[in-house]
Amino acid sequence: MASASGSLPGWRCMKLDVNTVFMVTIYVEAILGLLLLFAWIQNSAIHAVAWWGFAHLMRTASVVIFGMLGSIPDVFSIDLANTLLLTSYGMTWTGARLFDGRKARPLGLVAGAALWLVVCRLPGIFELVDMRVLISSGIVTAYTWLTAYEFWNGRKEPLVSRWPAIFLLFSHGALFLLRTPLARLLPWSPTNDIFDSVWLTALSLEALLFTIAIAFVLLAMAKERIEFRHKTAAMIDPLTGIANRRAFLHDGLRMMQRQAVELRPTAVLLIDLDHFKSINDRFGHAIGDRVLQVFAESASTSLRKTDLLGRLGGEEFAAVLYDVDRERALLAGERLRSAFAAAAYEVDGRPVAATVSIGVVASKEPSFDVAVLLAQADQALYRAKERGRNRVEIASLELARMRKERATAGSSAVAAMNAA
């Protein structure tokens, strides 16, 4: 930017007056607000995006009204502008709560604006501009840090963009507090150049960059959430909340690759609910669905977090137990059987008394195939049903090989007799 004489005397000529700051802020806030609302209209499943969009638009209105300071009554240019500003930060915080499945808090949403209006009307504070700036800065910081805290609470959801959002919010909240001591050094009037200080220039630019950055990070979070849910829906059984057949076989392949490197024993459990059709016929499909859910809950509790559990279809489930030998696999199957029998004895007040039969196969091979082990476990499961159900039967790969060899030998003998 050239000076009036056309020379460039240095950074001091690079001043931005109040009108320029207001205009840039208005355009940026308005565009980002509309961008967020447009993204929400395209996919209205994430309501938090709408809250964030309206928060930006509310900040736009706040800056517009504050820019009229001196030309309209202070009750509008100061009180109303600050009320809108502080409420907009409350809306951003509310959006963060909704994003992670928590309820909105209407009182918390307006508490910051109400506090500022009450405190700033107290004798001795109303006349002190720097004190009012301190109060508003503290409220903005509180909302900003609360927003970061909400995202931190939801960190169990694997969203990569959550972490830059937390960092930006926490850092911005900390830097916002620095405005107050700097504001004391500057006389506050609409005609004053507010960028006379290098530090205040940096902080103001930081605020503008933060506004842009956080809007795009929030958009990235929403997009990542949608993609994550689509991926989860394709890999998770919607009724029980555990892995479906596709995910189970996919994760089983990864476990097989790991076992080939670490050489640990592995066991597979094939589980079938006993007389499940009869349960549906006697109590209805709603109770039948609840029985499936009860089993998934019991199995998730009985097995280790490192074990792989999935629903193969209907009333059939399977589990892969890594680093588990034959004896421990049998104990795990028995623990699961008894836990489910106790949990499903009565379901939603109905005497269901559901049970399961479990077939177990253990492998010490340096590599294994989940499909092959499931086939061997199916033989053990068949034997469990033959022997009365509600029991655990275990088969070894050696036994399976012997059966296969006998079957092959038998087929060869029959072929030889036919040839003769």
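Each reported figure results from applying straightforward, stated rules to the coordinates on display, with no laboratory input. Worth saying up front: this structure is predicted, and the values here are computed from it rather than measured. Cβ coordinates were reconstructed from backbone atoms using ideal geometry, including for glycine residues, and neighbour counts include every protein chain displayed.
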Taking a quarter of the surface of the convex hull around the Cα atoms of region 209-364, what do you get in nm²?
12.2 nm²
For region 201-295, what is the Kirkwood estimate of the hydrodynamic radius, computed as the reciprocal of the mean inverse distance between distinct Cα atoms, to one decimal in Å?
18.2 Å
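If packing is taken as the average number of other Cβ atoms within 10 Å across a peptide's residues, how do 296-302, 319-325, 208-214 rank, most packed first? Working shown, then result.
Values: 296-302: 18.0, 319-325: 20.7, 208-214: 15.9.
In decreasing order of mean packing, 296-302, 319-325, 208-214 become 319-325, 296-302, 208-214.
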Given K231/K364; K103/K223; K305/K385, which pairs have Cα atoms separated by over 25 Å?
K231/K364; K305/K385
FRET efficiency (L239, V24; Cβ distance; R0 45 Å; to 0.05) is 0.30
Using a 7 Å offset from the Cα along the Cα-to-Cβ direction at both D281 and R254, what is the distance between the two label points in nm, to one decimal?
4.1 nm
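Want the number for I72 to A341: 0.36 nm per residue separation, take away the alpha-carbon distance, what's left? Don't skip to the answer; put the middle values down first.
Numbers: separation 269, 0.36 × 269 = 96.84 nm, distance 7.46 nm.
Extending this stretch completely gives an extra 89.4 nm.
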Would region 26-153 count as rounded, prolate or oblate if I go by the C-alpha gyration tensor, calling it rounded below 1.5 in a/c and otherwise prolate when a/b exceeds b/c, oblate otherwise?
oblate
Within 10 Å, count the other beta carbons around each residue, average over each peptide in 273-280, 169-176, and list them highest first.
169-176, 273-280
Under 13 Å from the L209 label point (7 Å along Cα→beta-carbon), backbone N, region 132-175
168, 172
